[in-house]
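S.K.: Before anything else, here's the structure in question.
What follows is calculated from the coordinates using simple rules that are stated; it is not laboratory data. Because the structure is a prediction, the values reported are computed rather than measured. Reconstructed Cβ throughout: ideal geometry from the backbone, glycine too, with neighbour counts over all protein chains shown.
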Amino acid sequence: MSEVVTITEAAAYQIKDMMEQNDEQGAYFRVAVNGGGCSGLSYGLSLDHDIKEGDTVSEQHGIRILVDNESAPILTGTVIDYKQSLLGGGFTIDNPNAIATCGCGSSFKTATKAGTPEKC
C-alpha cells in the first residue's frame, strides 16, 4: 500500500529541526485538512503526541506521520517538500486532488469536497 502523504528528505530534515528547537523529538507530524480559507479547505501541519482512533500512521525519513481518516482521501498522493529561497523557506504541498487553489496557495478545493470558503 502506498503512503497517503509523502514527505521529501528536505521536508523531513526541516521537521526534525523544528522538533529539536521545540523539544518535541518524540512527536508525530500530523497532516490534516480543515475547512476554511478562500477556496474552502486548508492544510493543517502540526506536531502531535497522540494517535487518535482512525489515524493512519506511517514513517518516512525518520518522521512518524499521522493522517486522520477524514483527511486521508483528500490527501492521497500529496507530496510535502521544503523549499529554501533568498526570502526564507517554507513547506510546499503538492496535492494532485486539488482542482482549485487560492492566490496565496494556502487553501484549495477538490472535485468532491468544497469545504467552507471564507472571504479573503
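S.K.: Using the alpha carbons of the stretch 5-110, what is the convex hull volume per residue in cubic angstrom, as a whole number?
M.R.: Dividing the Cα hull volume of the stretch 5-110 by its residue count gives 104 Å³.
S.K.: Provide the packing ranking of 6-16, 52-62, i.e. peptides ordered by the mean count of other C-beta atoms within 10 Å per residue, highest first.
M.R.: With the highest mean Cβ count within 10 Å placed first, the list reads 6-16, 52-62.
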